[in-house]
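The values are calculated or read from the model by the stated rules, or taken from the named source; none is laboratory data. Being a predicted model, the structure only gives us computed values, none of them experimental. Cβ sites come from the backbone with ideal geometry, for glycine too, and all protein chains shown count toward neighbours. For the accessible areas, the whole protein counts, side chains as well, though only heavy atoms, and no ligand, DNA or RNA atoms are used. Shrake-Rupley method; radii C 1.70, N 1.55, O 1.52, S 1.80 Å.
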Amino acid sequence: MAHFNLNRLVRPNVAGLKPYSSARDEYKSVGEEMIFLDANENPFPSDVNRYPDPQQRDLKIELGKIKSIASENILLGNGSDEVLDLLFRAFCEPGVDNIITLPPTYGMYSVLAGINNIETRDVLLDESFQPKVSKILESIDKYTKMIFLCSPNNPTGNSFADEKVEEILQKFNGLVVIDEAYIDFSKKGSWLMKLNKYPNLVITQTLSKAYGLAGIRLGILYASIEIITILNRIKPPYNVNQLTQKRALDEIKDQEKVNSQVADILKERVVLFKALKEIEIIERIYESDANFILVKVDDANMRYRQLIEKGIVVRNRSSQPLCENTLRLTVGTELENNRLIQVLKELN
Ligand SMILES: *Cc1c(COP(=O)(O)O)cnc(C)c1O
């Protein structure tokens, strides 16, 4: 490990901040026996008349059990987008610092960098969509605060090789953020088990994909207690609303439902993959560790438009480097996938 020093990484103004103490911070639980006259809420009871728990304790405890991790290592937000944005705001000095992303990849890292006036340094993946570790290490300077690794990667669908990720974790003394939005569909295990080994490791997950809860917006960040403490200093106190906390808690308790839906999607991914091989306009199908498949077609813009005319929306990824003429196809229900295959067969 290089010299990792969290105090050197955090923005000076953030290091000195005290978090806003909300009325509901002072009293842990909304016990029925207590009379709450502290937060200027409407006293007439409903399921949402009180402010939500700013630390989402119940939800974190349940999540911690499922993921075998302490609740103190968890930060929750309004989607992954919010927890990623908090990282920028805590660690990246606008107009000074930079981050590294590995295109073709998820667009939000550079969007958030732009919003926060942080330079993005792009180091393209290699031809097999794996990180070029030496190129990445060469791009680092003393203002490089974070490297974003999306694994399984969106839009390519593959996971990054363990030894490449490990080398970056060992040689970079800023934060290595591994976005595991698609981890539940992957053959590979999560990097969560390595959290104790690497103080610079940050992992994000989401309930938007495998858990079927994109509409409630719940993003999860795992990191050392020291990093979580810094992020807690700057997060809006009530960033995860009561309806989301309750629904998320109900749903994650039902792991059987999630597991069976994921199993169905994985089964369908195999069926779809096979069927795509028989389609003439498809020139290449990329192996997927996620709930989507990237394909190379003869003319992505034309095929995209034709699919729209037939009532099917896919994602055209042609504008991304190394992704010329590619479409990203989400694995849908059996019925939806059959329809996609039928329409693709008829295109000419
Ligand atoms: C879909 C996706 C997310 C999810 O973002 P949310 O804000 O949690 O819905 C995060 N990262 C990647 C790479 C994704 O594809």
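Of all beta bridges DSSP finds with both residues in the chain, what is the antiparallel percent, to the nearest 5? It would help to have the intermediate numbers written out before the result.
Values: 18 of 34 bridges.
Of the beta bridges lying entirely in the chain, close to 55 percent run antiparallel.
How many nm is it between the label spots at E119 and I225, if each spot is 7 Å from the Cα in line with the beta carbon?
Here the answer is 3.7 nm between the modelled labels.
Give me the one-decimal nm value for the distance between modelled label points at Q242 and I282, 7 Å along each residue's Cα-to-Cβ direction.
Placing both labels 7 Å beyond Cα along the Cβ direction yields 4.8 nm.
Sort M146, M193, M302 from largest to smallest accessible area, using a 1.4 Å probe on the heavy atoms of the protein chains.
Ranked list, largest accessible area first: M193, M302, M146.
What percentages, rounded to whole numbers, describe P(r) for the range 190-348 computed over all alpha carbon pairs with 10 Å bin width beginning at zero?
Reading upward from the zero bin: 9, 29, 28, 22, 11, 1.
What FRET efficiency would be calculated for the residue pair M34, N348, taking the C-beta separation as r and a Förster radius of 51 Å, to the nearest 0.05?
Values: r = 70 Å, r/R0 = 1.37.
Rounded to the nearest 0.05, the efficiency is 0.15.
Give me the Kirkwood hydrodynamic radius of the range 30-152, using the inverse of the mean 1/r over all pairs of distinct Cα atoms, in Å to one decimal.
17.8
Debye sum, Cα scatterers, the chain, no solvent: what log₁₀ I/I(0) at q = 0.06, 0.10 1/Å?
-0.25, -0.67
On full extension of the chain, what length is gained from S260 through D162, given 0.36 nm per residue of separation minus the C-alpha to C-alpha distance?
Working: separation 98, 0.36 × 98 = 35.28 nm, distance 2.74 nm.
Between S260 and D162, full extension yields an extra 32.5 nm.
Can you give the angle from 0 to 90° between the axis of helix 334-346 and the longest principal axis of the chain, with both taken from C-alpha atoms, to the nearest 10?
Its long axis makes an angle of about 40 degrees.
Relative contact order for the range 256-346: what is it in percent, counting Cα pairs under 8 Å that are at least 6 residues apart?
Numbers: 121 pairs, mean separation 26.0, N = 91.
It comes to 29 percent, rounded to a whole number.
How much length is gained if the chain between S318 and S128 is pulled fully straight, taking 0.36 nm per residue apart and subtracting their Cα-Cα distance, in nm to one decimal?
66.7 nm
Obtain the nm distance between the two label points defined at K253 and N5 by a simple spin-label model: each point lies 7 Å from its Cα along the Cα-to-C-beta direction.
So the label points at K253 and N5 sit 4.8 nm apart.
For the chain, take the longest principal axis of its alpha carbons; what is the angle in degrees between that and the long axis of helix 79-91, to the nearest 10 within 0 to 90?
Long axis of 79-91 versus the principal axis of the chain: about 60 degrees.
Under a cut-off of 21 Å between alpha-carbon atoms, report the lysines in cross-link reach of K132, not counting same-chain residues fewer than 8 places apart.
K142, K145, K164, K171, K188
Using every alpha carbon pair in the range 256-346, what percent of pairs falls into each 10 Å bin from 0 up to the bin containing the largest distance?
Going out from 0 Å in 10 Å bins, the range 256-346 shows 17, 52, 26, 5, 0 percent.
Sort 199-211, 104-116 for me by packing, meaning the mean count of neighbouring Cβ atoms within 10 Å per residue, highest on top. Each step should come with its number before you reach the end.
Values: 199-211: 22.7, 104-116: 18.5.
Ranked from most to least packed, the peptides come out as 199-211, 104-116.
By how many degrees, 0 to 90 and rounded to 10, does the Cα axis of helix 255-277 deviate from the longest principal axis of the chain?
Between helix and principal axis, roughly 20 degrees.
Can you send over the solvent-accessible area of E82, 1.4 Å probe, protein chains only, in Å² to the nearest 10?
40
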